[in-house]
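The values are calculated or read from the model by the stated rules, or taken from the named source; none is laboratory data. It should be emphasised that the depicted structure is a prediction, and the values quoted were computed from it without experimental measurement. No Cβ is skipped: glycine too gets one built from the backbone with ideal geometry, and neighbour counts run over all protein chains shown.
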Amino acid sequence: MRNWWRHPSAAWAFLFLNGIAFDVFASVSQRNFVDPVSGDSVAPRILQQIEASTDSLKEDVTAEWKALTGMPFAFYTPETSLGAGYLTFYKFDPKEKNRISTLLTTLSYTVKNQSLLTITPKLYYDDGKRELHSNIAFSNYPTKFYGLSNAPASEPEEFKEKYLQAFLQAGVEFSDHLYLRSAIHREFREISEADSDPLLQQFIAIQGKSVSMNAFHVSLEFDDRDFPPAPFSGKWIRLLYYVGFPDRTERFYRPEVDLRFYRKLSDQWVGAVQATASDIRSSSWVPFQFLNSLGGGNRLRGIYTTELRNNSLALVQSELRYILYPRWEINGFLGVGRMATDLETLQSDRDHWVTGLGLHFLFDPQSRTKMRIELGFSDSSPKLYFLVGEAF
């Protein structure tokens, strides 16, 4: 019984228990504490101010409307050393309170001559029933190759990669909260500098230093979240089918199921739970850059995106977010996942647990767009993340 948490059903039990915990916490935290003599609430005044501020984000997004926001930032990671950048965020006039058209641009540079550029427009039409999203990203950053397994290599191999990605997605709400979305993708990667270690060189010999891919996906989704960029309540259920066409090998298929649930537990607490399963199927090899990844800034934080890569994965993660002030939040998170070569092996493979905490700053409260700094822990060394937007 000492290793009960390694049982195959541990992840789903974890999800179920989190749901119960959220319900219990909500029922306790929403009670009114009243003075027995006067009958007046003894809650601190600051709680009432925070409640009014958070409600205003949903009820009056046009108040003090500021279309353009700009912000410089600085960061540090062990791989990049010191870096700095600038972020711009433009909001179009809102057509619907929980669907705000935006344009987000970030540009950063490090002392090691590494660069990153992203341009992300999100446009909504017809009272939010039709949408058009896009993203263009370029990076020239160092990364590490850990091999392909359910356990990361003890001595990963370093390499530097140029990355260019673009996608365009269109969606329509064809019934209440039911969406049909489809997208096309174009991706290019080139290994510009690499160690001479044999494992990485073996993959380079098979797939070459540069790989490119065209892809498309289609998804059927149920989405009743109160505010999709940063929900307080609701759920998002997505069934996705992805097809990739690498330039040097056969196409591959990736069906995926993604379930997300959100609940406002009190005036300051928000709970979130996500469960995801994904499986890549192909009659040939798939370039390692296009395989599923268990970690990253939006999945199991505490594991790098490149640390655990393979065909099949399943994960569950939960998060508690606490509103300190109208623009500041703290959060804590816990997650578990598995990575394997196929679904059959996944059922008996090892669990990867992560936990961590973070600090969030809402640089645009009306759209709930935030910058977050988070520290994740796992079996390997701690990971530091500096990102824009919610993890999930």
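Laid out as a table, the results:
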| read-out | value |
| --- | --- |
| Given (1) at pLDDT 90 or above; (2) of a type in the set (S, T, N, Q); (3) surrounded by fewer than 16 Cβ atoms within 10 Å (Cβ to Cβ), index of the condition residue 106 fails | (3) |
| Any hit, the range 132-142, residues being at pLDDT 90 or above and in contact with a Gly (Cβ under 9 Å, 6 or more places away or on another chain) | yes |
| Any strands (runs of 3 or more DSSP E) falling wholly within the range 321-392 and containing at least 1 residues that are touching a helix residue (DSSP H, G or I) at 6+ places or on another chain (Cβ under 9 Å), within 18 Å of residue 308 (Cβ to Cβ) and at pLDDT 90 or above | 328-340, 352-364 |
| Identity of the residue in the range 172-220, of a type in the set (Asp, Glu) and either out of contact with any strand residue (DSSP E or B) (no Cβ under 8 Å at 6 or more places or on another chain) or within 25 Å of residue 278 (Cα to Cα) (or both), that ends up surrounded by the fewest Cβ atoms within 10 Å (Cβ to Cβ) | 176 |
| Unmet criterion (only one of (1) crowded, with 17+ Cβ neighbours inside 10 Å; (2) free of Cβ contacts under 8 Å to residues at least 60 places away in the same chain; (3) in a strand (DSSP E or B)) for residue 286 | (3) |
| Any hit, the range 367-377, residues being acidic (Asp, Glu), in contact with a strand residue (DSSP E or B) (Cβ under 8 Å, 6 or more places away or on another chain) and closer than 30 Å to residue 202 by Cα | no |
| Whichever residue in the range 369-382 is surrounded by 17 or more Cβ atoms within 10 Å (Cβ to Cβ) and either free of Cβ contacts under 8 Å to residues at least 12 places away in the same chain or more than 15 Å from the chain's Cα centre (by Cα) (or both) and, among such residues, is farthest from residue 294 (Cα to Cα) | 380 |
| Filtered residue count, the range 294-316, keeping only those that are within 15 Å of residue 275 (Cα to Cα), buried (at least 21 other Cβ atoms within 10 Å of the Cβ) and not hydrophobic (A, V, I, L, M, F, W, C) | 4 |
| Filtered residue count, the range 371-383, keeping only those that are in contact with a Pro (Cβ under 8 Å, 6 or more places away or on another chain) and of a type outside the set (Ser, Thr, Tyr) | 2 |
| Scan of the range 296-320 for residues that are in a strand (DSSP E or B), under 19 Å from residue 345 (Cβ atoms) and not basic (Lys, Arg), ordered by number | 300, 310, 312, 313, 314, 315, 316 |
| So residue 159, is it modelled with pLDDT under 85, of a type in the set (Phe, Trp, Tyr) and not in a helix (DSSP H, G or I) | yes |
| Criterion: modelled with pLDDT of 90 or more, charged (D, E, K, R) and under 24 Å from the mean Cα position of the chain (by Cα) - qualifying residue of 122, 58 | 122 |
| Residue count, the range 243-260 (criterion: surrounded by 19 or more Cβ atoms within 10 Å (Cβ to Cβ) and either among the β-branched types (Val, Ile, Thr) or under 20 Å from residue 170 (Cα atoms) (or both)) | 3 |
